[in-house]
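The values are calculated or read from the model by the stated rules, or taken from the named source; none is laboratory data. Since the structure is predicted, the reported quantities are computational estimates derived from the model, not experimental observations. Using ideal geometry, Cβ is built from the backbone for each residue, glycine included, and neighbour counts are taken over all protein chains shown.
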Amino acid sequence: MCTSKQKIHSKLRPELRKCGGRSKQWRKIRLRELARRFFGSVTMTPSSDVLQAEFLKHGAEPPARQATGSQANDYSGVLLSSSREIRLLKDAARRLLERDEATLDPEFFLASLTAGGYAPRVATVYRAGDVVGIMYARERIIFGVPTGIVYADGSLGGFLLANGPHRHNVFIAAMETLLSSAGIRGIRLRLLGGGADVEAINELAASRPLDVEYSPIAARDSEIWKPHAQLSLAETYERFLSGLGSTTRHNFRYYRRRFEQAGHRFIHHLSKDELCSATVGLAPKSQFTSQWQPRVIRRALNMVAATRRPLAVGLRHHNGEWLSVIGGWYRSDGAVLNFQCNNECDFGPYSLSIVLRAYLIELLIRQGMNELIIWGGTGPPLSRYVSYAPAMGVHLDIPTYYWRTARLLISAIGPRLPKRLADAAQWIT
């Protein structure tokens, strides 16, 4: 950093000292004024109304504009921030998609934002008038205020959709489009492995003033990045069971046998309506999901509904009542378990979570799948048999004095804030 911590503290100290001895209300107003000075304007510059109306009227893809300072002069980018604009990319995304990956579909991306707390920021990259790449990112919104911090998560399926020959230049052009957009102060990335993307970031940082920081992301220690557990599947279900510990293997067999002897059934496919009604009914009775707000449940259901190959299985009582459901989607060589709801209030001793996962694993093995991804990680007993892909966090920030000062201030006071505010502060620092 070009400004030392001592200099920043010397600038801040007189301002903060003025708050001493004043009323609580006065201090709040003063701190808001300081925050506005540090953060500046957060208003996103909209696209030209004339151009926007024209391409929306004809159902065409958004018009391109040159990405400022792009290293690839033949590439241009446009930042899309409305759901309607992003949905127009559907055909282009399918043309670029080289594998079956639900997370790279515009509808899925928008569904993942329905719980709130984010605004879409999608950088679309063009060459010779054709869409050659799409970068899915989201701006963090805290207490209704845009932070200017954009996040892109590459831990499951990636966040960049581009064909091989264009990928490097598309990555740089998309990042340039984000960083050059009004109101954007920084980008936070989660990368798996790094490699070519790190090379592109280094190239970008060498071409313009930019604060860049790399750091490993621990699988279970990040409040920002939720890990996804990877469970490898065997060639047969019995071989999978043989790879488990004796206690876990016994529980998988015992609770499933007990479930079947009681006359209950495994349902290998639920319609979207069945999954929705069962989830809404089971969520308050499930230990894991009972604290979920309705918007979080809606987000999970929307994500499953947005996929072309949804995964929906469940357990049904012999009287027709739903006991447990899993929602997710299929990938080219496996499946993603996005959420699970169980009636643990009335059927806790049945270990419904184990029973349904046992059925699901057997079903996937019979379908020739190689792995099961558990969204957000998992607890015992499967936590002993899953792995987490090594990930790297990358912070890129506009090197302005006020933004550096704001990050330093938030970093200093963050640990002293109440948990809710401290968690929000981590999104910035």
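Report, by residue number, each residue of segment 177-194 that is buried (at least 17 other Cβ atoms within 10 Å of the Cβ) and assigned to a strand (DSSP E or B).
The answer is Gly186, Ile187, Arg188, Leu189, Arg190, Leu191.
In segment 332-339, is there at least one residue being surrounded by fewer than 22 Cβ atoms within 10 Å (Cβ to Cβ), of a type outside the set (S, T, N, Q) and either more than 26 Å from Gly263 (Cβ to Cβ) or in contact with a Ser or Thr (Cβ under 9 Å, 6 or more places away or on another chain) (or both)?
Scanning segment 332-339 turns up at least one residue that is surrounded by fewer than 22 Cβ atoms within 10 Å (Cβ to Cβ), of a type outside the set (S, T, N, Q) and either more than 26 Å from Gly263 (Cβ to Cβ) or in contact with a Ser or Thr (Cβ under 9 Å, 6 or more places away or on another chain) (or both).
State all residues of segment 386-404 that are in contact with a helix residue (DSSP H, G or I) (Cβ under 8 Å, 6 or more places away or on another chain) and in a strand (DSSP E or B); if no residue qualifies, say none.
Result: Met392, Val394, Leu396, Asp397.
Being at pLDDT below 95 and acidic (Asp, Glu): is that true of Glu107 here?
So Glu107 does not fit the description; no.
Contact list please: Cβ distance under 9 Å, first residue in segment 193-211 and closer than 14 Å to Leu178 by Cβ, second residue in a helix (DSSP H, G or I) and among the basic types (Lys, Arg), pairs at least six apart or on different chains.
Ala200/Arg167
Given the conditions (1) touching a helix residue (DSSP H, G or I) at 6+ places or on another chain (Cβ under 9 Å); (2) modelled with pLDDT of 90 or more; (3) among the polar types (S, T, N, Q), which single one is not true for Ser383?
Only one criterion in (1) touching a helix residue (DSSP H, G or I) at 6+ places or on another chain (Cβ under 9 Å); (2) modelled with pLDDT of 90 or more; (3) among the polar types (S, T, N, Q) is unmet by Ser383, namely (1).
Specify the residue that is modelled with the highest pLDDT; the eligible residues are those in segment 195-239 that are crowded, with 18+ Cβ neighbours inside 10 Å and either in a helix (DSSP H, G or I) or of a type in the set (Lys, Arg) (or both).
Tyr237
Is segment 265-273 home to any residue that is outside any loop (DSSP other than H, G, I, E, B), at pLDDT 95 or above and exposed (fewer than 12 other Cβ atoms within 10 Å of the Cβ)?
yes
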